[in-house]
Amino acid sequence: DSGVTQTPKHLITATGQRVTLRCSPRSGDLSVYWYQQSLDQGLQFLIQYYNGEERAKGNILERFSAQQFPDLHSELNLSSLELGDSALYFCASSVGGVSTEAFFGQGTRLTVV
Amino acid sequence: QKEVEQDPGPLSVPEGAIVSLNCTYSNSAFQYFMWYRQYSRKGPELLMYTYSSGNKEDGRFTAQVDKSSKYISLFIRDSQPSDSATYLCAMSGRNAGNMLTFGGGTRLMVKP
């Protein structure tokens, strides 16, 4: 167990809908990272928050957004969902702002039908 | 061309074999090199972390980084069936956005 908690584990929703994925980082970790893993694209970095502020942005679609709350948990919001958004979404956390020793959660499997 | 290339495998070896997993990369700004192990339907688990060039050993695992060749390796000695998983290399650097850039992963199967 990495100490990073993601909910829900599985999510099935229809195209056009909006979902929220939640992540609780390890105790003491200030950085949260979101990744998307699909069969064709592999593990892709989406966005990083450090102590409540956006630190880095990767290949995140405009339909997606995230935030980190004062208690350091983070949420990833996915809207206007398309079939191609079906993937595993991982959250990772690290102590500092550099992702050298990031620990991953178990992921949320999103299926868009 | 992807920044980090990794042979997808699958790589099938008998129990007890020495396994060699490799990644090549193109971004010379990468300074930190990681190997993650991912079991099916689970999150990636950090195995090894190396800064810059050199070797690092941890039990049956040895990580090597050759920055001049932009080539990293993970060796697994005395491989076990429990080592069967997908191995992902990942890299980051202060001048490369600090984010982890992953290879596509190599699927390893260790047969009893």
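Structure notes:
- Inter-centroid distance (Cα atoms) of the range A:27-89 relative to the range B:1-59, Å: 23
- For the residue pairs B:42/B:111; B:2/B:111; A:9/A:57; A:57/B:2; A:57/B:42; B:2/B:67, the C-alpha atoms sit more than 26 angstrom apart in B:2/B:111.
- Couplings 3J(HN,Hα) for the range B:100-112, derived from phi with the Karplus relation 6.51 cos²θ - 1.76 cosθ + 1.60 (θ = phi - 60°), are 6, 10, 9, x, x, x, 10, 7, 10, 10, 10, 9, x Hz, where x marks Gly and Pro.
- Counting every alpha-carbon pair across the range A:36-95, the share separated by more than 20 Å comes to 25%.
- Along the range B:76-88 the Karplus relation, 6.51 cos²θ - 1.76 cosθ + 1.60 evaluated at θ = phi - 60°, assigns HN-Hα couplings of 10, 8, 6, 4, 10, x, 5, 7, 4, 5, 9, 10, 10 Hz to successive residues, with x for each Gly and Pro.
- For chain B, the calculated P(r), taken from all Cα-Cα distances in 10 Å bins from zero up to the bin holding the longest distance, is 15, 49, 29, 6, 0 percent.
- Cα-based Kirkwood hydrodynamic radius, chain A, one decimal, Å: 13.8
- Size-normalised alpha-carbon gyration radius of the protein assembly as shown, reference 2.2 N^0.38 Å: 1.01
- The ranking of A:50, B:25 by Cβ neighbour count inside 10 Å, starting from the fewest, reads A:50, B:25.
- Applied to the range B:68-73, the Karplus parametrisation 6.51 cos²θ - 1.76 cosθ + 1.60 on θ = phi - 60° returns per-residue 3J(HN,Hα) values of 5, 9, 6, 9, 10, 9 Hz, with x for Gly and Pro.
The numbers here are math on the coordinates, done by the rules we state, and not lab data. Everything numeric in this text was worked out from a predicted model, so none of it was measured. Note that each Cβ is placed from the backbone with ideal geometry, even for glycine, and that neighbours are counted across all protein chains shown.
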